[in-house]
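Engineer: What follows is a single structure, and I will ask about it in a moment.
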Amino acid sequence: MRKLLFVALSGLSISAFGQGEQGFWLGINGAVTGGSLFSHNIHVSSVEMKPDISVNYSGGIEAGYMFHERVGIFVGAGISMYHYMINPKEPPSLGRLIQIGGASTFFDLPVGIKYMYFQRKGFSFFVAAGAKTSLLVDHEIDYRFRNANWDDYRETLGSADSIEVYNNLAVTPFVFLGIHIPAGRFSINIGPEISYQLTNLFKQPYVPAQARSFFREFRYSDWQAHYFNAGLKIYIGFRP
């Protein structure tokens, strides 16, 4: 019985690798990442603001072609949902903005190359690198501030009102690496992905008029901020 089981598993393994990786591939992917804004020059009424870490999500489809067992290219389309939270570095005082939060959803068009290495029976390692061009499709920004009477106020701007805050187009390089597990016409890639948004998230800063009325002297600088994300990504591929 053990011999029969061994022969069966060996046959499955040979079948999986005998077909090779060369050719066209289609697949789906998803990622959960921890991210924050790499920022500088974010000030509101002389208060320096500091971004916190948020959980972000992305997913999409891919089509690729492996020229041989090691090197291939891929393109895709997907959705990324990012969040951010910015707080004062020092405890907020009266008449101060005490928190800025936001969410943005992008339609992504990634393109990249893939390299397989250390190929062994049952698995191999890979690294994929490229860049995605992203179009902003949904967004909001949320403000919390405190007046001189210690009353907290909150104002949320939806897509229609926050369009002037964000840039509509983003370019984001990424690196995805990990382990590749083949199974006949299917394969699974799993590992960490790191990405950094080159373009500035903000087109121009904005604080609601209601908040401005509480500030004796209101001023703000041009905000510079870029999404940085690192987390786990899974890709499931199929060779037609």
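Engineer: What number of residues within the stretch 165-195 are touching a Ser or Thr at 6+ places or on another chain (Cβ under 9 Å), buried (at least 16 other Cβ atoms within 10 Å of the Cβ), modelled with pLDDT of 90 or more and not hydrophobic (A, V, I, L, M, F, W, C)?
Structural biologist: Matching residues across the stretch 165-195 total 5.
Engineer: A further question follows. Can you name the residue in the stretch 84-97 that is in a strand (DSSP E or B) and modelled with pLDDT of 70 or more and is also surrounded by the most Cβ atoms within 10 Å (Cβ to Cβ) among such residues?
Structural biologist: The residue in question is Tyr84.
Engineer: Can you list residue pairs whose Cβ atoms sit under 6 Å apart, with the first residue in the stretch 222-234 being under 9 Å from Ser195 (Cα atoms) and the second being among the hydroxyl-bearing types (Ser, Thr, Tyr) and surrounded by fewer than 18 Cβ atoms within 10 Å (Cβ to Cβ)? Count only pairs 6 or more apart in sequence or on different chains.
Structural biologist: Going by the 6 Å Cβ cut-off, the qualifying pairs are Phe228/Tyr196.
Engineer: Can you tell me which residue is modelled with the lowest pLDDT among those in the stretch 126-150 that are farther than 27 Å from Glu193 by Cβ and crowded, with 17+ Cβ neighbours inside 10 Å?
Structural biologist: Arg146
Engineer: Residue check, Leu109 against (1) at pLDDT below 95; (2) surrounded by 13 or more Cβ atoms within 10 Å (Cβ to Cβ); (3) not basic (Lys, Arg), all met but one. Which one?
Structural biologist: Every listed condition holds for Leu109 apart from (1).
Engineer: Go through the stretch 203-240 and report how many residues are at pLDDT 90 or above, surrounded by 15 or more Cβ atoms within 10 Å (Cβ to Cβ) and assigned to a loop (DSSP other than H, G, I, E, B).
Structural biologist: 1
The values are calculated or read from the model by the stated rules, or taken from the named source; none is laboratory data. Everything numeric in this text was worked out from a predicted model, so none of it was measured. Reconstructed Cβ throughout: ideal geometry from the backbone, glycine too, with neighbour counts over all protein chains shown.
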